Amino acid sequence: MKKQILIVGSGFSGMWAAVSAARLSSLEGNNGLNIAVLAPAPELRVRPRFYEESVSTLVAPLTELFAELGIAFIAGSAECIDTKAKKVTYLDADGLKATVAYERLVLATGSQTKRPSIAGLAEHAFDIDQLESAQVFEQHLDSLTSRPASPERNTVVVCGGGFTGIELATELPARLRGRLGENTEIKIIVVERGAVIGGRYSAALRKTVEDASRELGVEWRLNSEVEAIDANGVTLKNGERIAASTVVWTAGVEANPLSQQIEGERDNQGRLIVTESLQVPDCPDVYATGDMAHAKTDDAGNTALMTCQHAIQLGKFAGHNAAASLLNIEPYPYRQVNYVTCLDLGAWGAVYTEGWEQEIKSVRDEAKKIKIAITNELIYPPAADKTVAFAAADPLAKFV
């Protein structure tokens, strides 16, 4: 009887974990492994692009790829993980409970935006965290055209000045003017609790974001926190009131709550701290990957970030190592020494940096071309061709 590797999640890390496991199984003569992916739909949602327009198109189907590689797909949403019985309970497509057993589990359920207990946040703030919520936000922007012109209608408050907040805020002037008219006076305000713009970035990258914001007319409220959100705007803890018809929450992310069902140590984002082979120490049959894993990328003390750049490679290593453990093959220690940052800055262009020190290599139109190549091509699934897919899934092949 074949031994089952179950991958929960079909995002960047889950999809690549499945392909990588299938690759090793094929190299070993398809020796006794069954690889299955459990997810709501056989698709990769291109989440890094959810700040863009036409979000419903940012989905890549996986059915043909999985069929070509012999990967089984189980439609459902995981609810309960029993590591002792080695089974996962899920709700199937009809909303009925079902279970699936595993020999090795790869947990690749990603992350979600943190939503703290702030008055009015749940009722009045949008987010672009998931496909459905990003679609709701896009529909809201469309609805602004039917409202009377006013400063409140033309103002958007973005709560959180991290990567997502910056990309959304710098994209919004063009998105709003495309709806409301090129000569419309637009106001985009980023509320950021930190003392500087882009606080976790290098000085050069911070200055670039600041310059782009100034040129695009994006305002920043630094050292500021949200007290309450209502249908007509935001109240800050310092007492400032910002009238706005649109408030978007982008402040902070945390691992999917399923991580709490796995016995093990976690970081402050809820990610499971894993070994260099991406196993959970207290549950060696479980591999955590992508945004579910706190993993060292190198010997210099750096750890993987919650980005698709890291999720893709983590997935390749997790899938390979899960299969290797069942085939009595030595695992590969996860390493991802190279690190880049490519930040979209709307109509201003983009900025591309290399290394953990974030040395700027290109800006504006040149960097924008790199950004488009990454998000429109590089991060998409491979072709439904075994040779192409397996070559791309090799954990030791250079990704970026």
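The values are calculated or read from the model by the stated rules, or taken from the named source; none is laboratory data. Just so you know, these numbers come straight off a predicted model, no measurement behind them. Note that each Cβ is placed from the backbone with ideal geometry, even for glycine, and that neighbours are counted across all protein chains shown. Note: accessible area is taken over every heavy atom of the protein model, side chains too, but ligands, DNA and RNA are not part of it. Shrake-Rupley method; radii C 1.70, N 1.55, O 1.52, S 1.80 Å.
Tabulated data
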quantity: For segment 78-207: span of alpha carbons on each principal axis (Å, largest first); calculated: 61, 42, 28
quantity: 3J(HN,Hα) from dihedral phi, segment 251-268, Karplus parametrisation 6.51/-1.76/1.60, rounded to Hz, x for glycine, proline; calculated: 8, x, 10, 9, 5, 3, x, 4, 4, 5, 7, 9, 5, x, 7, 10, 8, 6
quantity: For peptides 51-57, 16-22, 255-261, 142-148, sequence by mean Cβ density within 10 Å, most packed first; calculated: 16-22, 255-261, 51-57, 142-148
quantity: Under 5 Å, built H, 5+ apart or other chain: amide partners of R221; calculated: V190, V191, E192
quantity: Portion, in percent, of the accessible area of the chain that falls on carbon or sulfur, probe 1.4 Å; calculated: 49 percent
quantity: Longest to shortest principal axis, alpha-carbon extents of segment 297-400, angstrom; calculated: 52, 36, 18
quantity: Surface accessible to a 1.4 Å probe, L216 within the full protein complex, Å²; calculated: 30 Å²
quantity: Other-chain or far-sequence residues with amide H under 5 Å of V46's (modelled H); calculated: V59, A60
quantity: Most mobile of V226, V351, V156 in a GNM of the chain (Cα contacts under 10 Å); calculated: V226
quantity: Amide H contacts under 5 Å for I7, placed H, 5+ residues apart; calculated: A36, V37, L38, V106
quantity: With all protein chains modelled, accessible area of E171 [1.4 Å, Å²]; calculated: 40 Å²
quantity: Phi-based couplings in Hz for segment 345-353 (Karplus 6.51, -1.76, 1.60; Gly and Pro marked x); calculated: 10, x, 5, 5, x, 7, 9, 10, 10
quantity: Charged-residue dipole, Cβ positions (Lys, Arg, Asp, Glu), the chain about Cα centre, Debye nearest 20; calculated: 140 debye
quantity: Inter-part distance where segment 365-400 and segment 214-276 are each reduced to a Cα centre, Å; calculated: 30 Å
quantity: Where only C-alpha atoms are counted, convex hull volume of segment 72-138 per residue in Å³; calculated: 144 Å³
quantity: Accessible surface, per residue, of the chain when the full set of protein chains is kept, probe 1.4 Å, Å²; calculated: 43 Å²
quantity: All Cα pairs of the chain, percent lying beyond 30 Å; calculated: 42 percent
quantity: Debye log10 I(q)/I(0) for segment 200-313, one point scatterer per Cα, at q = 0.14, 0.15, 0.16 Å⁻¹; calculated: -0.82, -0.87, -0.91
quantity: Karplus-derived 3J(HN,Hα), 6.51/-1.76/1.60, for each residue of segment 156-169, Hz, glycine and proline x; calculated: 10, 9, 9, 8, x, x, x, 4, 5, x, 5, 5, 5, 4
quantity: Exposed-loop-free span, longest in the chain, where trypsin sites (Lys or Arg not before Pro) count as exposed if DSSP calls them loop and at most 10 other C-beta atoms lie within 10 Å; calculated: 85-397
quantity: Accessible surface, 1.4 Å probe, highest first, among residues D385, D365; calculated: D365, D385
quantity: Residue-averaged 222 nm ellipticity for the chain, from DSSP H runs of 4+ at -39500 (n - 2.57), nearest 500; calculated: -8500 deg cm²/dmol
quantity: Lysines whose Cα lies under 30 Å from that of K2, excluding same-chain neighbours fewer than 8 positions away; calculated: K84, K86, K87, K97, K316, K386
quantity: Among E265, E377, E225, residue whose mean-square fluctuation peaks in a GNM of the chain (springs only between Cα atoms under 10 Å); calculated: E377
